[in-house]
Amino acid sequence: MVRTAATSRRRGPVEATRANPRRSARQPKAKEPSPTPAPVSKAKKAPKAVASTSKKPAQAPRKRQRKEDPPASPEEAVQTEEEAAALARAKVAWAKTKGRRGHLKMVVEMPFDLLLEVFGFLQPADLLHLSMTTKAMRSLVMDKTLALPLWKAAFDRVEPQPPACPEGLSLPQWANFLYARTCNNCNATTGLERAWGALVTLCKKCMLAEFSQKIPYSRDSSDLDSVLRELVTQKYLKRPGEYGRQTYFYRPDYEKHKAAIRELGKDKAKVQEYVDKEKQKNYLRGNLQWGGGGSSWEYKMKISKAADVDARRTGREQALLDRLDALGYTSVITRLPRHSRLTLPGFGGVKPLTDKEWNKLGPLLVDTLEELQKTFKGQDWKKMINSRTNTMVWVYLYYICQHRDKEPYAPQKRSLAFVEPFRTMIYDTDPETELEQKDFFKHLEEFPQILDAWREEADDVLIELFPQSTSEDAGSKKSKKGKAKEVAPDRSVLKLGTTIFTCKWCPEALTYPAVLSHNCLYRSPARNRTDEEEAEASTNEEAGEDEGMEDPNFRWNVGYNQVWFDEAASACATAVIKVLGEEPTTTTWEELDKVNKRVECVRCRKDKGLKRLVMDWRNAILHEFDKHGEDEDGNSDVAKWELLDDESLAIAYEKEKSVKKNSNVRPVEQTKRCCECEKLVLDENGKASFGRWGYAAPAPGATACPKGHDLTLEGATYDTAWAIPFKSTPYPVKIA
């Protein structure tokens, strides 16, 4: 077969590697091979075949030489001098590889021409990284003659297409600028940014350090600073402590051009020639980013890289999902959105999943999904309880809108879920059964007994909070023989002005019946646990009991320890009520509000002719604790409060009206509501809803609501004054 010059070159670096000069150096001088990497002929192997049986003096052992291919034919040896020289240099450099070769040892043993064929499929970044592996690889990839077609083909093949290589830069240098992964100064790998004008890739710290030169502006075009401003690469940067971005120049270029111009001295022609040449280079480099497509290429590279990472991450994610599906966790995985799945162990990676990695991730993922399964189970249970409770609430609201007199003494709507028969319907019914309003409407006639029973139980809890003497007066009476006889507690004491309760969670003073609907008293049981209960709950959670089964419904005053009777406030109220001229043991808070009298704090009274602080009975109690709670009065008989006379009372009323957001009556807002406007309606299917009536509060003193309902009829309105906070208008004022 006749071989061409091209096929002869494919015999590559194998022969050159076998004819290593280090091997031949250990042989006698007479038989040293020539330094050229040409193939060894068969004539040179004749002495090896003769010296088998003859007995000769001992000689230095030689290493066995392998048979070489026959010499190429004359047609095969035809090469240009340039190609032969390049091939010879590459083979010699390839054969001089020393030391351990690591993972690339098999690559070194590959035929030289086969390597070039493989390298023809690489991209510029691959060739650049390959040149950083070993000296042999670098000598091959960086050869100016042999590797130039590889680099050109790589740049033609790459997507997205980068800007054209500028003059004065080789293709490897251009690839190093475009695809560098480290800072050119400090080898940092984060916060990298390209400076197209200077053709360097720098981190943020080095960018501020290198672009730190400022060149003052000069109107004289022949001035050195004016010339340097046109030659040196500039960049807009914002430094710490500076307002906005400012222009900074590349310091190495500044120093290089400044030294070059000074070296040329006073030769204006050479200086002008140098300036024109460098100015053109600076213009071309500065135009790379925008006019040359550099900025567009950076954006496309960013999008391409993000898409590649997302594709690899999706492939890894799908491999993990397939394995988890086989284990039966499909229902858990499908409930997680993708951004939540990526937080699971192993899901955030981009490398392909291997069996070895799965053996490590599998048990961890199974444990995580088991915990998620328990959490989802609790969420499903909570959702079911919420749905059934909300259905029951519509029936409760329908009953309340028909009986507004029950509302002040009724619990919050969701706490009725713990009262029979609703508790059994909500908590014990099969989860697969869907409850509707009609199921709860069957018990509509039982609401009066349910609400009355709940109120009696709550009243008993509140009466037990009274001091011993008060509770004895309210719940027992003595017979003729002097023995105490138990009777039904007198619940009228709950409405007295001296009956004030305090919340455990807030400083609000509570009267009856506002204490029955106070929001703080409807709290999660987890927030009311003692240390022992908290320890027991932690043990149950570790054992996996009731994990995630937090009840969305709350009882009133769980544990009966969230509210107590405020004896100090009651004593203060007794003193204030006596000053008002009323009887503390029989006067209710509603009667005190209607009396609408004012008292003056004697202890806050200033010298004659100055202001006096006056307030109603509610603010007097709050003032006592806010301003005089820590006073130590040795004489308890000292007068603390004084009732205003009619003249001062009229002045106080006028003063209260003039103060912004104040009033001389309680409450300032309209509390009268139209019963007809707020009634729920039933549709043809018996489902309760608010309808389309809308709502607008009637004006004070109006005889009809905005919807035209007659408010003068009995039961046409209801009052919500009981729900207004204890601290409200009228606020204290100062009078002369």
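For the stretch 671-718, the Cβ-based charge dipole about the Cα centre amounts to some 180 debye (Lys, Arg positive; Asp, Glu negative; other atoms uncharged). Net charge of the neighbourhood of residue 411, taken over other residues with C-beta under 9 Å away and scored Lys/Arg +1, Asp/Glu -1, is +4.
Within the stretch 671-718, what whole-number % of the accessible surface is contributed by carbon and sulfur, with the 1.4 Å probe and all protein chains included in the calculation? That fraction is 50 percent. What the Cα convex hull of the stretch 257-330 gives, in volume per residue, is 110 Å³.
By a 1.4 Å probe calculation restricted to protein chains, residue 627 has an accessible surface near 140 Å², given to the nearest 10.
Carbon and sulfur together cover what percent of the accessible area of the stretch 342-450 at a 1.4 Å probe radius?
Details: 3100 of 5920 Å².
After summing per-atom areas, the C and S share lands at 52 percent.
For residue 431, neighbours were defined as the other residues whose beta-carbon sits under 14 Å from its Cβ, and their charges (Lys and Arg +1, Asp and Glu -1) total -1. When the alpha carbon gyration tensor of the stretch 671-718 is reduced to an equivalent ellipsoid, the three semi-axes, largest first, read 23, 10, 8 Å. For the pair residue 366 and residue 270, the difference between a 0.36 nm per residue extended length and the Cα-Cα distance amounts to 26.9 nm. When only alpha carbons are used to place a centre, the stretch 276-291 and the stretch 305-322 end up 41 Å from one another.
Starting with the highest mean, order 227-234, 330-337, 378-385 by the number of other Cβ atoms within 10 Å, averaged over the residues of each peptide.
Final packing ranking: 227-234, 378-385, 330-337.
Listed cross-link partners 302/351; 578/672; 442/679; 144/277; 611/655; 594/679 are compared with a 21 Å cut-off, the Cα-Cα value being larger for 578/672; 144/277; 594/679.
Per residue, what accessible area does the stretch 296-433 have, given a 1.4 Å probe and all protein chains present, in Å²?
Working: 7650 Å² over 138 residues.
Ligands and nucleic acids excluded, the figure is 55 Å² per residue.
Round to a whole number: what % of the accessible area of the stretch 123-182 belongs to carbon and sulfur, probe 1.4 Å? It would help to have the intermediate numbers written out before the result.
Numbers: 1640 of 3060 Å².
The value for the stretch 123-182 is 54 percent carbon and sulfur by accessible area.
Per residue, the stretch 671-718 exposes 66 Å² of accessible surface when a 1.4 Å probe is rolled over the protein heavy atoms with every protein chain present. State whether the stretch 198-247 is rounded, prolate or oblate according to the following rule on the C-alpha gyration tensor (a ≥ b ≥ c being the square roots of its eigenvalues): a/c under 1.5 gives rounded; otherwise a/b larger than b/c gives prolate, and the remaining case gives oblate. Oblate.
Using a probe of 1.4 Å, the accessible surface attributed to residue 647 totals some 140 Å² when neighbouring protein chains are kept in position. For residue 641, the residues 5 or more places off, or on other chains, whose built amide H falls under 5 Å of its own are 602. Each Cα pair under 8 Å and six or more residues apart adds its sequence gap; the mean of these over the residue count of the stretch 671-718 is a relative contact order of 42 percent. Computed on protein heavy atoms with a 1.4 Å probe, the accessible areas place 274, 329, 731 in the order 731, 274, 329, largest first.
The values are calculated or read from the model by the stated rules, or taken from the named source; none is laboratory data. Every value quoted in this text rests on a predicted model; they were computed, and no experiment measured them. No Cβ is skipped: glycine too gets one built from the backbone with ideal geometry, and neighbour counts run over all protein chains shown. Heavy atoms of the whole protein, side chains included, go into the accessibility calculation; ligands, DNA and RNA do not. Shrake-Rupley method; radii C 1.70, N 1.55, O 1.52, S 1.80 Å.
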